[in-house]
Amino acid sequence: MDTHQPRTIEQLINARPALLTRIVKLDSALQANHQDLAEILRCRLCDDLIDYCSRGHFQIFESHSERTISATLAALSATTDALIRFSETFGEAGVAVSAELRASLARLADVLDTRFDIEDQYLAGTRSNITSAVATTDVQSSVHSTP
């Protein structure tokens with residue numbers, strides 16, 4: 001794990017509430033029939049979804065060995081596909097806002113919840129592996145430094 005990764009993980013985790021807040025705000029704007037605001041929020045949400053997926057994939061998950069990460073990437077793949085489909089469907093400016101968008105927002109929140117769970121499980125395992133490696137190194141160095 002490189003030295004920048006804990007900060008990157010923190011940024012990834014801190015981005016989650018903003019994504020969920022965007023979904024809620026967009027849904028509220030749609031309910032209130034504020035079309036201009038809904039368009040702005042929809043475009044921002046789609047951009048943020050792509051940024052979130054990219055940050056996780058390229059800055060965290062891709063930095064680990066293929067063997068260690070393959071199961072996690074397989075599990076994340078379905079959520080990534082769903083997030084990209086949402087962004088491709090609703091991310092372009094001028095796309096008509098419809099009842100389909102409101103229904104898709106609820107599904108999007110569920111997909112994000114699943115993705116967050118998968119990421120958390122992987123990150124918890126990574127942290128425990130790092131802690132174990134550090135503890136093993138500490139034990140080995142104390143054993144070797146004993147006169």
For this session: Give the residue that is farthest from D110 (Cα to Cα), with candidates limited to residues of region 9-55 that are buried (at least 19 other Cβ atoms within 10 Å of the Cβ) and charged (D, E, K, R).
Result: R42
Problem set entry | Residues that are closer than 19 Å to S54 by Cα, hydrophobic (A, V, I, L, M, F, W, C) and in contact with a Leu (Cβ under 7 Å, 6 or more places away or on another chain), drawn from region 74-108 | L83, F86, F90
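Bear in mind these aren't lab numbers, they're just calculated from the coordinates by the rules spelled out. From a predicted model like this one, the values you see are computed outputs, not experimental measurements. Don't worry about glycine lacking a Cβ; one is built from the backbone with ideal geometry, like all the others, and counts go over all protein chains shown.
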